[in-house]
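The values are calculated or read from the model by the stated rules, or taken from the named source; none is laboratory data. Since we're looking at a predicted model, the values are computed, not measured. Glycine also receives a Cβ, built like all others from the backbone with ideal geometry; neighbour counts cover every protein chain displayed.
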Amino acid sequence: MEHQDILDRVKRIHFIGIGGSGMCPLAEILHHDGFHLTGSDINESDTLARIRSYNIPVFMGHRPENVGDAELVVYTAAVKKDNPELVAARERGIPALERSVMLGIVTRRYRNSIAVSGTHGKTTTTAMITQVCIDGNLDPSAIIGGKLPYIGGNGRVGKSETIICEACEYVDTFLQLTPAVSIILNIDADHLDYFKTVDNIIKSFHQFSTQTSRVLIVNGDDANTRKAVQGVTGAKIITFGLKPGNDYSAARISDKEKACEDFTVLKNGKKLLDVSLSIPGRHNIYNALAAAATADYLGIPADCIADSLHRFTGVHRRFEILGKFNGITVADDFAHHPTELTATLTAAMHMGFRQVWALFQPHTFSRTYLLLDDFAKALSIPDHVILSRILAVRETNIYHIYSKDLAEKIPGSVCRDTFEEMADYVMARAQPGDLILTLGGGDIYKCANLIVKRYKEKTEQ
């Protein structure tokens with residue numbers, strides 16, 4: 001691969017946006033490998049505090065002089081071409097690599113690179129596999145898209161030849177990877193601003209599959225996934241799913257109305273282990289099956305897999321309970337696609353709450369416009385829905401789509417412009433026994449934090 005040997009030629013690396021969830025673990029790994037790092041960012045965060053704990057200098061704000069004597073610059077996809085540090089690198093002839101390119105370079109330095117891909121469930125499954133591998137004494141390195149409480153962050157530097165990372169399909173960044181083991185959890189309509197059609201998404205996953213050298217662990221229940229791996233000959237294909245006929249399947253799924261599932265994992269039709277999950281939602285059976293299949297392939301004993309999956313309590317922003325106040329539970333979740341919302345809200349409705357209040361921040365104009373009816377269907381599941389403004393992210397509103405257009409399709413829903421107004425509305429109406437659940441891939445968690453802060457202040461009065 002192009003640039004693969006660049007780390008043999010440089011010692012000093014500057015990270016633009018070092019506090020990002022994908023940047024921080026890369027920086028940790030390279031720091032531990034003896035590289036001299038600097039970084040810059042525009043917002044203070046826990047992540048930056050972690051970076052500074054390694055005595056890595058971090059500059060606030062982006063200025064040309066921050067590049068210093070760096071021999072290589074790494075930047076996130078969010079960094080614009082006119083970023084002063086990127087401009088300075090270009091003017092001085094310093095190589096600059098986008099984060100996904102560097103991820104490919106770093107992961108190829110490990111003999112056992114494991115990449116977790118799919119439209120939904122990547123972060124949870126990457127975290128599950130990481131925890132199971134740690135418990136199985138494989139001592140892996142890891143790069144996770146969310147904070148895993150078990151390791152106290154979203155990255156880990158191990159001493160073995162194993163690395164586990166999340167592989168994101170947006171703008172085909174996962175095609176920078178050449179994993180030994182790849183997991184494909186599912187393939188769904190998303191990022192259509194880039195891919196345009198589901199067929200194009202399937203083609204990208206097919207290409208990703210051909211770049212996997214050893215094993216593909218794939219959802220055999222998912223038609224798009226099966227299509228993506230058709231004709232792939234370079235890697236062994238292992239399937240998982242709820243349906244019989246998969247290499248790893250789930251049997252004796254608890255039929256009790258409860259949020260967290262119990263089930264038996266079968267390998268080739270024979271019992272491998274029993275799992276009792278501690279995280280809610282039937283969708284997590286698929287994530288756990290993928291993790292179990294991967295761990296079994298890596299030689300981790302069945303009892304260790306079962307115990308580790310039981311002790312797995314989730315990832316930051318994945319149905320994260322933030323507090324309980326006078327019988328009202330406040331939680332936050334990253335769900336921002338109709339399929340994810342359906343899974344999360346269905347689980348929430350099975351958890352025994354009096355009423356569920358869903359506070360949703362739509363994420364990108366294109367996704368809201370192209371999947372409008374699917375969003376409306378998913379958001380009809382809870383008892384109450386409050387919508388914020390659509391978070392633009394990287395887009396202008398060429399679609400002329402607004403939250404009110406979505407609200408019109410959800411009976412009883414309301415729109416509020418600010419997080420303060422959303423908090424006011426729900427706190428005036430929520431009763432003991434209710435769940436207040438914020439949902440979205442943007443900064444809706446700030447609304448959840450505001451609600452928690454206000455409830456705490458009330459309690460202390």
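A few notes on this one:
- Unique residue being crowded, with 21+ Cβ neighbours inside 10 Å and out of contact with any His (no Cβ under 6 Å at 6 or more places or on another chain) when the list is A407, A430: A430
- Of all the listed residues (I129, I163, I183, I187), the sole one being farther than 27 Å from N268 by Cβ, β-branched (V, I, T), in contact (Cβ under 8 Å) with a residue 24 or more places away in the chain and surrounded by 17 or more Cβ atoms within 10 Å (Cβ to Cβ) is I163.
- Elements of the type helices (runs of 4 or more DSSP H) sitting completely within the range 1-120 and holding at least 2 residues that are basic (K, R) and in contact with a Pro (Cβ under 9 Å, 6 or more places away or on another chain): there are none.
Matching residues to (1) closer than 30 Å to Y399 by Cα; (2) touching a Phe, Trp or Tyr at 6+ places or on another chain (Cβ under 9 Å); (3) at pLDDT below 95; (4) buried (at least 18 other Cβ atoms within 10 Å of the Cβ):
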{"site": "P149", "(1), (2), (3), (4)": "no, no, yes, no"}
{"site": "G155", "(1), (2), (3), (4)": "no, no, yes, yes"}
{"site": "Y170", "(1), (2), (3), (4)": "yes, yes, yes, no"}
{"site": "L175", "(1), (2), (3), (4)": "yes, yes, no, no"}
{"site": "H191", "(1), (2), (3), (4)": "yes, yes, yes, yes"}
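- Within the range 382-396, considering residues that are surrounded by fewer than 18 Cβ atoms within 10 Å (Cβ to Cβ) and modelled with pLDDT of 95 or more, the one farthest from Q431 (Cα to Cα): R389
- In the range 25-50, of all residues being of a type in the set (A, V, I, L, M, F, W, C) and at pLDDT 95 or above, the one that is farthest from D443 (Cα to Cα) corresponds to F35.
- Qualifying residue in the range 280-295 (condition: in a helix (DSSP H, G or I), over 24 Å from A343 (Cα atoms) and either in contact (Cβ under 8 Å) with a residue 24 or more places away in the chain or not assigned by TED's automatic domain parsing to the domain that holds L216 (or both)): yes
- Some residue of the range 422-432 being of a type in the set (S, T, Y) and closer than 17 Å to D373 by Cα: no
- Flag if A88 is buried (at least 24 other Cβ atoms within 10 Å of the Cβ), touching a residue at least 24 places away in the same chain (Cβ under 8 Å) and more than 26 Å from the chain's Cα centre (by Cα): no
- Residues of the range 121-159 that turn out to be in contact with a strand residue (DSSP E or B) (Cβ under 8 Å, 6 or more places away or on another chain) and not in a helix (DSSP H, G or I), as a count: 18
- Among all positions in the range 199-212, there is no residue which is of a type in the set (D, E) and touching a strand residue (DSSP E or B) at 6+ places or on another chain (Cβ under 7 Å).
Yes or no, residue by residue, for (1) within 27 Å of F174 (Cβ to Cβ); (2) aliphatic (A, V, I, L, M); (3) outside the structural domain of K147 (by TED's automatic domain parsing):
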| position | (1), (2), (3) |
| --- | --- |
| D33 | yes, no, yes |
| I42 | yes, yes, yes |
| I51 | yes, yes, yes |
| V58 | no, yes, yes |
| L72 | yes, yes, yes |
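- Of all residues in the range 397-412, those satisfying the criterion of being under 28 Å from Q431 (Cα atoms) and not hydrophobic (A, V, I, L, M, F, W, C) are S403, K404, E408, K409, P411, G412.
- P411 vs. criteria in the same structural domain as V426 (by TED's automatic domain parsing), in contact with a strand residue (DSSP E or B) (Cβ under 6 Å, 6 or more places away or on another chain) and assigned to a loop (DSSP other than H, G, I, E, B): no
- Within the range 215-234, being without any contact (Cβ under 8 Å) to a residue 60 or more places away in the chain and in contact with a helix residue (DSSP H, G or I) (Cβ under 7 Å, 6 or more places away or on another chain) holds for L216, V218, G220, N224, K227, A228, V229, V232, G234.
- Residue satisfying all of: in the range 115-141; of a type in the set (A, V, I, L, M) and touching a Leu at 6+ places or on another chain (Cβ under 8 Å); farthest from V218 (Cα to Cα) among these: L138
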